[in-house]
Ligand SMILES: O=C(O)CCC(=O)C(=O)O
Ligand SMILES: [Fe+2]
């Protein structure tokens, strides 16, 4: 079967998916209604505690009663299917490249192995401002804009509506996370003025050798937080903190999956860790997922929050520039990497 797959998709033995599913209780499912309704303060305190436990013990959770209309989600899933069903030639008219960092790609690489997937990226702030180069002393900025395909004609409008719903949910979740570490609700909000957040439509086609490849290799998300919609096929696996076992994230209708990224790990000084995850593919069904990557402004200096630092709990990271980190990551898509891509652990003290 391996001969049906180009060698650059084949994972090393130790990273190949297991054929069965590890049945486990899975990541926590959290009802967000106490944050929306004018509910009792006890309910809010319980919700904050649940969020804190989930961030600490899993780094991942699912939310329901999140306030995002189901219709908005159904529209973006449908539009994604319509876009990826186009011919390669048509999709490549909006290819991402070194100048236009957003758009379509069928060439994603994670830890030097190709992912069995296609993506369409679009940015949220219009334009998004980032550093023009990854050189530490070069302060030149550049503006990034989206590219939109001709078909489906309403993709732009649908993505914009979806993004504005995700933004509302973002601030709700950032508030709950801040409260859960004993900080004022709006403590993290300021980092996201002129944000570099972006969203991605992921398409995982059926794979002839799903036991050899991955839809997306193991990785951690480098930004602050990710909110993910997955369809009913399933494939996402999360590395359980307690024992390192890969746990299948069972699709839950109308739930969003939330995970802590590397920035919350640094801001919280390792109280909340960013957790590895990956995506399995299957030989029969295509799968759609839509991550919304919440990233701060390029101008943010990332370091443990000063309120959390004491003599007993000294800062575990030296600071780094989010903008330079992000520029390095984005430009690496177009370079042949010979060494490990930039990672947050490079800034560990
Ligand atoms: O497709 C998924 O379920 C996960 C996607 C993901 O982890 C990512 O794009 O960073
Ligand atoms: Fe991810």
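Taking a point 7 Å from the Cα of residue 346 along the Cα-to-Cβ direction, the residues of the range 294-329 with backbone N closer than 20 Å to it are 295-304, 316-329.
Under 8 Å for C-alpha pairs, at least 6 residues apart: give me the relative contact order for the range 135-263, rounded to a whole percent. If you can, show how the numbers build up before the last one.
Details: 90 pairs, mean separation 22.4, N = 129.
Taking the mean separation of contacting Cα pairs over the length of the range 135-263, I get 17 percent.
To make sure I understand, if each residue's beta carbon is the centre and we count other beta carbons within 10 Å, what order do 117, 18 fall in, fewest to most?
Working: 117 25, 18 12.
Fewest to most other Cβ atoms nearby, the residues stand as 18, 117.
Normalised by the number of residues in the range 3-347, the average gap of Cα pairs under 8 Å and 6 or more apart makes the relative contact order 22 percent.
The range 3-347 gives an Rg/Rh value of 0.94, both radii derived from C-alpha positions and Rh following Kirkwood. Site pair residue 321 and residue 126 shows an inter-label distance of 2.9 nm when each label is modelled 7 Å from Cα along Cα→Cβ.
So if each residue of separation counts as 0.36 nm, and I subtract the Cα-Cα distance between residue 270 and residue 89, what length gain in nm does that give?
Values: separation 181, 0.36 × 181 = 65.16 nm, distance 4.50 nm.
Taking 0.36 nm per residue and subtracting the Cα distance, the gain is 60.7 nm.
The modelled label-to-label distance between residue 186 and residue 97, using points 7 Å beyond Cα along the C-beta direction, is 4.4 nm. Listed from fewest to most Cβ neighbours within 10 Å, the set 345, 298 follows the order 345, 298. Annotation: extensible slack from residue 53 through residue 29 equals 7.5 nm (criterion: 0.36 nm per residue apart, minus Cα-Cα distance). Secondary-structure-derived ellipticity at 222 nm for the chain, considering helices only, amounts to -7500 deg cm²/dmol, per-run term -39500 (n - 2.57) for DSSP H runs with n ≥ 4. Extension gain for the segment residue 312 to residue 241, taken as residue separation times 0.36 nm less the Cα-Cα distance, is 23.1 nm to one decimal. Counting neighbouring beta carbons within 10 Å and listing from fewest to most, the residues 279, 258 come out as 279, 258. Peptides 129-142, 49-62 ordered by packing proxy, namely the average of other Cβ atoms within 10 Å per residue, highest first: 49-62, 129-142. Once you reduce the range 99-137 and the range 205-235 to the center of their Cα atoms, the two points are 17 Å from each other. Judged by the mean number of other Cβ atoms found within 10 Å, the most tightly packed of the peptides 84-96, 245-257 leads the ranking 245-257, 84-96.
Sorted by mean Cβ packing within 10 Å, highest first, what order do the peptides 154-163, 309-318 take?
On the way: 154-163: 17.6, 309-318: 12.0.
For the peptides 154-163, 309-318, the packing ranking is 154-163, 309-318.
Each value in this text was obtained by applying a stated rule to the coordinates, not by laboratory testing. This structure is a prediction, so every number in the text was calculated from the model and none was measured. Neighbour counts are summed over all protein chains in view; Cβ atoms, including those assigned to glycine, are modelled from backbone coordinates with ideal geometry.
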